[in-house]
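Presented below is the structure to which this report refers.
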Amino acid sequence: MAARIEVLRGDLTQQAVDAIVNAANEKLLGGGGVDGAIHRAAGPELLEACRKLPEVQPGVRCPTGEARITPGFGLRARHVIHTVGPVYRGRPTDAVLLRSAYRSALELAVEHGLRSVAFPAISCGVYGYPLDEAAAISISVVRDRDWALDEVRFVLFSNDVLSAWKRALG
Ligand code: ADP
C-alpha cells in the first residue's frame with residue numbers, strides 16, 4: 001500500500017515520528033532555520049553524532065542531494081535524517097538536486113525499516129526555492145514509488161508554505 005501523505009502547519013521538532021528530516025547543509029554541523037531548531041530540541045549529542053560522520057571531501061559530510069541518518073536524542077522522533085537541498089539558482093540542476101534530496105531521505109528511511117517520516121519544506125527558507133515548484137517536486141517523489149512506509153508527513157511552518165503544499169497535493 002502506498003504511503004499516506006499528510007500536510008499540516010506545525011513545528012517539525014515536535015513530531016512523534018520514526019524520523020524527522022533536517023534541511024541541513026553539507027557540513028552537517030548545524031545552522032539557522034529548521035536545522036538550528038532541530039539541534040536545539042535534540043540537544044548537544046546530535047552535533048556530536050554529526051561530527052562523527054565521515055567527511056567525503058574537506059568540510060563536506062553530506063553532498064547536496066544526499067542524506068545521512070543519526071539518532072534523534074532529545075527529540076520525540078527516534079531519528080534525524082539529514083538531507084541537503086540545493087541553493088535555488090534558477091537552473092535545471094536545482095530540480096534534479098531537490099528531487100534527489102527528498103528521494104535520498106526516503107530511501108534511507110526504508111533501508112532502516114522506519115515507517116513514518118516528517119519533512120520540512122527543504123530549500124524553501126534561506127535557500128530560496130520557489131514554493132509551488134518545491135511542493136510539486138516533493139509530492140511527486142513520494143508518489144513516484146510504492147515506498148515501504150506508512151506515512152510521509154510535511155510539517156510546514158507558515159500559511160504560505162502550507163498553501164503551496166495543499167495545491168501540490170491537489
Ligand atoms: P533551507 O536552507 O533548506 O532553505 P531553512 O531552514 O532556511 O532551510 O528553511 C526551510 C523551511 O523550514 C522554511 O519554510 C522555514 O520556514 C521552515 N522552518 C523553520 N523552522 C521550522 C520548524 N521548527 N518546523 C518546520 N519548519 C520550519
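The values are calculated or read from the model by the stated rules, or taken from the named source; none is laboratory data. This structure is a prediction, so every number in the text was calculated from the model and none was measured. Here Cβ is always computed from backbone atoms with ideal geometry, including for glycine, and neighbour counts include all displayed protein chains.
Of all residues in the stretch 121-138, those that are over 22 Å from residue 26 (Cβ atoms) have Cβ atoms under 6 Å from Cβ atoms of residues that are more than 6 Å from the ligand (Cβ to nearest atom), 6 or more apart or on another chain, in 131/164; 132/164; 135/164; 135/165; 135/168; 136/168.
No other residue among 161, 117 is hydrophobic (A, V, I, L, M, F, W, C) and touching a Cys at 6+ places or on another chain (Cβ under 9 Å) apart from 161. In the condition set (1) closer than 14 Å to residue 83 by Cα; (2) more than 15 Å from the ligand (Cβ to nearest atom); (3) of a type outside the set (Asp, Glu), residue 51 is compliant with all but (1). Set side by side, the residues 155, 110, 60 differ, and just one is modelled with pLDDT of 95 or more and within 18 Å of residue 26 (Cα to Cα), which is 60.
To keep it simple, each residue is scored yes or no on (1) assigned to a strand (DSSP E or B); (2) closer than 21 Å to residue 158 by Cβ; (3) free of Cβ contacts under 8 Å to residues at least 12 places away in the same chain.
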| residue | (1), (2), (3) |
| --- | --- |
| 17 | no, yes, no |
| 22 | yes, yes, no |
| 30 | no, no, no |
| 34 | no, yes, no |
| 50 | no, no, no |
